[in-house]
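Structure record follows, encoded as structure tokens.
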Amino acid sequence: MKRKFSLAYLTIPGTHPVDQIRIAAEAGYDFVSLRPIPMHLPNEPLFQFDLDRKLFKDIRDALEQNDIKLMDIELARVREDLKVEDYESAFAAAAELGATDVLSSIWTKDKELAFKEFAKICDLAAKYNLKVNLEFVTFSGVTDLTGALEVLDKVGRPNAYLMVDTLHAHRSRVSPEDLAKVDRNKFGFIHLCDGPGEIPSLEDPSMIGVAREGRLYAGEGEIDLKGMLLAMPDNPISIELPNSKEMKERGAAGHATRCLITAKELLVNMAKEEDIECQSV
């Protein structure tokens with residue numbers, strides 16, 4: 001089965017959704033991943049298509065005209081100052097546009113709060129037949145694979161899945177062997193990018209800096225992408241690869257295209273290596 005790819009919002013951040021859809025389609029992606037839920041960051045552009053019916057219609061038309069689908073929306077966070085019910089309009093609008101998934105992450109160290117609020121996100125998403133993909137982020141409240149699995153097991157919602165971001169997995173010292181031990185039915189989609197092999201401390205500016213604007217094309221860093229991908233099912237890959245330098249030099253379309261080309265090259269090389277290994281047995 002052909003591997004499916006989505007263009008994540010953060011790969012070309014700030015790009016208008018209609019332009020993101022066009023860029024994704026022209027580059028050869030199967031899906032897009034949009035961000036209608038504000039992150040409340042300085043100078044953040046707002047693309048709240050749940051509150052803007054013209055924007056909603058423009059996105060719907062762009063998806064249809066470019067023959068591409070919306071896979072997921074982001075980011076339904078768990079945090080003390082955020083209310084889960086505020087996500088409902090975004091969930092409803094995304095489902096109306098054909099989305100199947102929601103990306104979520106936890107930004108509190110209060111486990112009981114995390115369990116309760118994540119369960120509420122899952123229940124709210126279930127109203128719209130959406131799957132919730134929980135991402136562990138090295139500098140968040142749930143920082144590693146063990147923590148994410150604990151949340152999923154504690155909450156026990158049938159629409160809750162594990163989302164592995166290869167950069168965060170590497171930086172949380174998650175090995176392919178660790179991933180291989182996880183029930184394959186627990187995995188959702190995957191965030192793919194490469195990055196430096198060195199793991200900075202949490203206090204090092206590069207911990208957040210690289211994650212937000214310095215990720216590398218597949219095969220151009222030192223993360224064991226092959227090992228990680230082989231340890232997980234062939235679920236859709238959302239390429240999340242923000243790199244401000246490449247964006248400036250290539251433009252949004254050029255960068256998004258290069259992301260997909262290198263990701264596909266990685267999979268082709270993996271397949272060739274498997275063929276060689278099979279022939280040598």
(request) Take the stretch 252-272 and flag every residue that is under 13 Å from Ala24 (Cα atoms) and of a type in the set (Gly, Ala, Ser). (result) Ala252, Ala253, Gly254, Ala256
(message) Six or more apart or on different chains, Cβ atoms under 6 Å: show the pairs whose first residue is in the stretch 98-113 and closer than 14 Å to Leu75 by Cβ and in contact (Cβ under 8 Å) with a residue 24 or more places away in the chain and whose second is hydroxyl-bearing (Ser, Thr, Tyr) and surrounded by 15 or more Cβ atoms within 10 Å (Cβ to Cβ).
(response) Ser105/Ser140; Trp107/Ser140
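Considering only residues that are aliphatic (A, V, I, L, M) and surrounded by fewer than 16 Cβ atoms within 10 Å (Cβ to Cβ), which ones fall in the stretch 44-81? Don't jump to the end; show me each part of the working.
Of the stretch 44-81, the ones aliphatic (A, V, I, L, M) are 46, 51, 55, 59, 62-63, 68, 70-71, 73, 75-76, 78.
Leu46, Leu51, listed by residue number.
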(request) Could you please give the count of residues in the stretch 228-259 that are closer than 16 Å to Pro176 by Cβ, surrounded by fewer than 16 Cβ atoms within 10 Å (Cβ to Cβ) and either of a type in the set (Gly, Ala, Ser) or in contact with a Pro (Cβ under 8 Å, 6 or more places away or on another chain) (or both)? (result) 1
(message) Kindly evaluate Thr15 against the criterion of being of a type outside the set (A, V, I, L, M) and within 18 Å of Asp58 (Cβ to Cβ).
(response) yes
(request) Report, ordered by the first and then the second residue, all pairs with beta carbons closer than 7 Å, sequence separation of six or more or different chains, a first member in the stretch 65-76 that is β-branched (Val, Ile, Thr), and a second member that is part of a strand (DSSP E or B) and surrounded by 22 or more Cβ atoms within 10 Å (Cβ to Cβ). (result) Ile68/Phe31; Ile68/Val32; Ile73/Leu34; Ile73/Val102
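Against the definition (under 27 Å from Ile199 (Cβ atoms), at pLDDT below 95 and of a type in the set (S, T, N, Q)), how does Asn235 come out, yes or no?
no
Count, please, the residues in the stretch 20-45 that happen to be closer than 21 Å to Leu103 by Cα, modelled with pLDDT of 95 or more and of a type outside the set (S, T, N, Q).
So in the stretch 20-45, the residues closer than 21 Å to Leu103 by Cα come out as 20-21, 24, 29-41, 44-45.
In the following step, the residues that additionally are modelled with pLDDT of 95 or more were identified as 20-21, 24, 29-37.
With the extra rule that they be of a type outside the set (S, T, N, Q), the set shrinks to 21, 24, 29-32, 34-37.
Final tally of qualifying residues: 10.
With the stretch 122-196 as the region, which strands (runs of 3 or more DSSP E) entirely inside it contain at least 1 residues that are of a type in the set (Lys, Arg) and crowded, with 18+ Cβ neighbours inside 10 Å? Give the derivation first.
On the way: elements: 131-135, 160-165, 187-192.
Passing ranges, in order: 131-135.
Going by the structure shown, is Gly188 under 19 Å from the mean Cα position of the chain (by Cα), free of Cβ contacts under 8 Å to residues at least 40 places away in the same chain and under 28 Å from Gly14 (Cβ atoms)? Steps first, please.
Numbers: under 19 Å from the mean Cα position of the chain (by Cα): yes; free of Cβ contacts under 8 Å to residues at least 40 places away in the same chain: no; under 28 Å from Gly14 (Cβ atoms): yes.
Judged against the criteria, Gly188 is not a match.
The values are calculated or read from the model by the stated rules, or taken from the named source; none is laboratory data. Nothing here was measured: the structure is a model prediction, and the numbers come from that model. Glycine gets a Cβ as well: all are built from the backbone with ideal geometry, and neighbour counts include every protein chain shown.
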